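Below is one structure, written out as structure tokens; comments come after it.
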Amino acid sequence: MDINATLIGQAIAFIIFVLFCMKYVWPPLINAIEERQKKIADGLASADRAAKDLELAQAKAADTIKEAKAQASVLIEQANKRKAQIIEEAQAEAQAEKAKIVASGHAEVDAERVRVREDLRKQVSALAIAGAEKILERSIDEAAHRDILDKIVADI
């Protein structure tokens, strides 16, 4: 192969083309590539930071959930204690009310017993008078002999 003018011309044109590309085309391409690399590096760094933030947020959320569960269990325990206290108070009040009702019932029974006893005494005294009248076949003056009947009633 012979070196002729065409080959030298093409070599010179290629050298001029390479110099032109190195001066005007290559720097913007390198800048674009470097900017892209920087954006990618920033994106990866942001992704790493986001992943770390996510892990921290998940850990914090887990801690918050544990704390909330602990508080809920404390509140439930307090509610159960309060429920037991309310039940005990209600039982005590019910026992007091029961005792009051029973006492009033006993008082009513005692009052009724006294009333019935008095009625019975009056009836017994009337029967005694009727019996005495039949035995004596005459009428007993009730006003005159009231003290005798009161003594008999008191003995009964």
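Values as computed for the structure displayed
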quantity	calculated
Charge dipole of the chain about the Cα centre (unit charges at C-beta), most positive-ward option of Val124, Ala96, Gly9	Gly9
Rounded to the nearest 20 debye, dipole of segment 14-118 from Cβ charges on Lys, Arg, Asp, Glu	480
Residue-span extension gain [Arg115 to Gln10] - 0.36 nm each, minus C-alpha spacing	23.1 nm
³J(HN,Hα), Karplus 6.51/-1.76/1.60, whole Hz, each residue of segment 106-111, x for Gly, Pro	4, 5, 5, 5, 5, 5
Gain upon complete extension [Ala132, Lys39; 0.36 nm per residue less C-alpha separation]	20.1 nm
Vicinal HN-Hα couplings computed from phi for segment 82-93 (Karplus, 6.51 cos²θ - 1.76 cosθ + 1.60; Hz; Gly/Pro x)	5, 4, 4, 5, 5, 5, 5, 4, 5, 5, 5, 5
Radius 15 Å from Cβ of Val114, net charge of other residues (Lys, Arg +1; Asp, Glu -1)	0
Separation in nanometres of the label points that stand 7 Å from Cα toward Cβ, at Arg49 and Val25	3.8
Gaussian network model of the chain, springs between alpha carbon atoms under 10 Å - residue of Ala99, Ala41, Ala62 with greatest fluctuation	Ala41
Whole-Hz couplings from phi, Karplus 6.51/-1.76/1.60, listed for segment 15-23; x for Gly and Pro	5, 5, 4, 5, 5, 4, 5, 5, 7
Using alpha-carbon coordinates, inclination of helix 146-155 to the longest axis of the chain, degrees	50
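Read the figures in this text as sums done on the coordinates, not as results from a lab. Source: prediction; values computed, not measured. Virtual Cβ from ideal backbone geometry, glycine too; neighbours counted across all protein chains shown.
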